[in-house]
Amino acid sequence: MKKILVIILVHISISISFSQTPLQRNDFNKLTSYEELISFVEKICGGSQLMSLEYIGQSVEGRKIPAVKISTSKFGVDTSKIKMMIFAQQHGNEQSGKEGALHLLSLFNSSELTSLLENIDLIIVPQVNPDGSEKNQRRNSNDMDLNRNHLILTEPETIALHNLFNENLPHVTLDVHEYFPYSEDWEAFGYLKNFDEQFGLLTNPNVSDKIKEFSNKEFLPFIENHLTEKGYTFHNYLVGGSPNVSRIRHSTVDINDGRQSFGILNSFSFILEGKNGLDRTIENIERRTAAQAEAMIGLLRFVSLNKDKIKRLVNTERERLVKGNVKEKIVVRMEHVRGEKPLSLPLFSKYSKQDTIVTVEEYHPLVEKILKVEKPDGYLIPDDEESTAKVLEVLRKHRIIFYEYEHNPNDRITKYQITEIDSINLEETQLADLKIKEIELNFLQDKKYHYVPISQLYCNTLILALEPQSMLGLIHYESFKDLIRVGEDYPILRLIKKRKN
Ligand SMILES: [Zn+2]
């Protein structure tokens, strides 16, 4: 009897110490190091029926990247559940994302959140960028901003994350960050953003309107209410300099970040932005960590409550991508524009030390569609040049389907001739503006082409990446500049199948 009691006591004390995160054990005086993080996830996964640990890849400096799968059975096996993936700390100097994710793991370990697992299978990647975290720097060890790398996937960290996504196809994704309110222009303006948490929704116009509407009308009020009840302040994610120097919009339209690269596949996808400390490390870390964890719990609760609705929505909207309605048009150029009303923005006044409402006239919440292209049935990509071989490499990394092309007389094939390269400013970025002429080809050159059909999950990604006039296309990345030369043909061809009416 005594022996059993001792065993029980030892067991309880082990689970309590397992449940405590390294940050808690360090009394919130020291951030969790990479080594502490690994030993924490290994211990809790080793002692848990619900959690299993996978290493999904290695950072540039060779640090293994852990992912924790949490499920009452085995992730993805029970198809009545909804699948969700949370990933944190792509930016190494946004430490509370990692700490919040570890806190969430400790809550699952101590059974506080187990009821959520009746509806959800969850993957948590607490730290995408371990090298950056150890140096408390934004970028990885190749000096790349990982959250601008989700289209070209040159970095091992983003490749690992996309492999994880493609192998598990979560319906819901959340990318956890921190925003830094203390930039020079805001300091000079005298009013600072003071929200504990901001959630950013999908903004690209090619993402399903139904998903965007559901996020806007149902999720936003829910999460605001959830966080307010828990004592945290909240706002829909705002990006921009201070209102006296620049406009304010709801982040970017680009598909090269975590939120939108999964969102363009019609996932129910978000970015979360906690408030960073002034020192970008430890300041206020206890509250920052708790707020991040609470925001993640809020999304988990919303997803659990709306499981069937979200699953149906995501599955239907993904099916639409796979079926590929060729007559549809895809928006390749877009710009945030003013809405009907200015924004009444609660800000923290440096002078009165209180929250004050500031009216922002240059509030640009809407996305205008500037240029559209018709969806082809597919693209033909030769692999005889370094530039196009690199394009095929990117498609392989995304697990996009393509195969060797065999000519069919019913295929109508066109090429783009580049007549001029001008420049254009869109979304605060100076971009190459290609003037093109589309020419129908009577015969194909005698070389090997790969056929990339549009009717697949990556339909919108493909069109935005490959169309030469797309503001989000590969041609705008340094390593793909060779794809375009004035007076020459763009090497990637468009194919449309002739249809009998
Ligand atoms: Zn960030």
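A few notes on this one:
- Given R0 = 41 Å, the distance between the Cβ atoms of Glu478 and Thr114 translates into a calculated FRET efficiency of 0.30.
- The range 255-327: C-alpha gyration tensor shape, a/c 1.5 cut-off, then a/b vs b/c: oblate
- Length added when fully stretched, Tyr351-Asn136, from 0.36 nm per residue minus Cα-Cα: 74.3 nm
- Rounded to the nearest 20 debye, the dipole size of the chain about its Cα centre is 1580 debye, using +1 on the Cβ of Lys and Arg and -1 on the Cβ of Asp and Glu.
- Under-5 Å amide H pairs with Val367, H placed in peptide plane, nonlocal only: Val337
- Lys74 versus Asn284: modelled label distance in nm, points set 7 Å from Cα along the beta carbon direction: 4.5
- Summing Lys and Arg as +1 and Asp and Glu as -1 over all other residues whose Cβ lies under 9 Å from the Cβ of Glu61 gives a net charge of -1.
- Peptides 450-463, 425-438, 234-247, 331-344 ordered by packing proxy, namely the average of other Cβ atoms within 10 Å per residue, highest first: 450-463, 234-247, 331-344, 425-438.
- With R₀ fixed at 56 Å, the C-beta to C-beta distance from Asp384 to Gln24 puts the FRET efficiency at about 0.45.
- Separation between Cα centres of the range 25-87 and the range 135-176, rounded to whole Å: 16
- Inter-site label distance for Leu169 and Glu229 at 7 Å from Cα along Cβ, in nm: 3.4
- Annotation: amide H-H contacts under 5 Å for Glu427 (H modelled 1.01 Å from N, sequence separation of 5 or more, or interchain): His336.
- Label zone at Thr429, where the point sits 7 Å out along the Cα-to-Cβ direction: the range 365-403 residues whose backbone N lies under 16 Å: 368, 370-371
- Each Lys or Arg adds one and each Asp or Glu takes one away; over the other residues whose Cβ falls under 14 Å from the Cβ of Phe195, this sums to -2.
- Each of Lys369 and Lys43 was given a label point 7 Å from its Cα along the Cα-to-Cβ line. The distance between the two points is 5.4 nm.
- Among Val358, Ile70, Ser96 - extreme Cα towards positive end, dipole of the chain, charges at beta-carbon: Ile70
- 3J(HN,Hα) couplings calculated from phi for the range 299-316 with the Karplus curve 6.51 cos²θ - 1.76 cosθ + 1.60 (θ = phi - 60°) are, in sequence order, 5, 4, 5, 4, 5, 4, 5, 10, 3, 5, 5, 5, 4, 4, 4, 5, 4, 5 Hz; Gly and Pro show x.
- The spacing between the range 465-501 and the range 281-340, judged by their C-alpha centroids, is 29 Å.
- For the range 148-233: rounded, prolate or oblate by the Cα gyration tensor [a/c cutoff 1.5]: oblate
- Between the helical axis of 2-19 and the longest alpha-carbon principal axis of the chain there is an angle of about 50 degrees.
- For Asn442 and Lys323, the difference between the fully extended length at 0.36 nm per residue and the C-alpha to C-alpha distance is 40.0 nm.
- Where only C-alpha atoms are counted, convex hull volume of the range 58-118 per residue in Å³: 103
- Zone residues, the range 451-468, relative to His407, backbone N less than 16 Å from point 7 Å out along Cα-to-Cβ: 451
- Ordering Thr203, Phe189, His235 by the projection of their Cα atoms onto the charge dipole of the range 186-305, which places +1 on the Cβ of Lys and Arg and -1 on the Cβ of Asp and Glu, puts Thr203 at the extreme positive end.
- Globularity index of the range 208-342, i.e. its alpha-carbon radius of gyration over 2.2 N^0.38 Å: 1.22
- A simple rule links phi to the HN-Hα coupling: the Karplus curve 6.51 cos²θ - 1.76 cosθ + 1.60 with θ = phi - 60°, which for the range 196-205 gives 4, 9, 10, 9, x, 9, 6, 10, 5, x Hz, with x for Gly and Pro.
- Simple rule: put +1 on each Lys or Arg Cβ and -1 on each Asp or Glu Cβ in the range 374-497, find the dipole, and look at Leu472, Ile436, Ser423; the Cα lying farthest toward the positive end is Leu472.
- Loop trypsin sites (Lys or Arg not before Pro), the range 17-123, which have at most 11 other Cβ atoms in a 10 Å radius of their Cβ (DSSP): Lys74
- Cα centroids of the range 377-392 and the range 258-275: 28 Å apart.
- Structure-based [θ]222 nm, the chain - -39500 (n - 2.57) summed over DSSP H runs of at least 4, per residue, nearest 500: -9500 deg cm²/dmol
- Relative exposure of His476, His250, judged by other C-beta atoms within 10 Å (fewest first): His476, His250
- Summary value for the chain: 14 percent relative contact order, contacts being C-alpha pairs under 8 angstrom separated by 6+ residues.
- Summing Lys and Arg as +1 and Asp and Glu as -1 over all other residues whose Cβ lies under 10 Å from the Cβ of Leu434 gives a net charge of -3.
Only the coordinates and a few stated rules stand behind these numbers; no lab work does. Please read these numbers as outputs of a predicted model, since none were measured by experiment. Note that we place each Cβ from the backbone using ideal geometry, even for glycine, and neighbour counts take in every protein chain shown.
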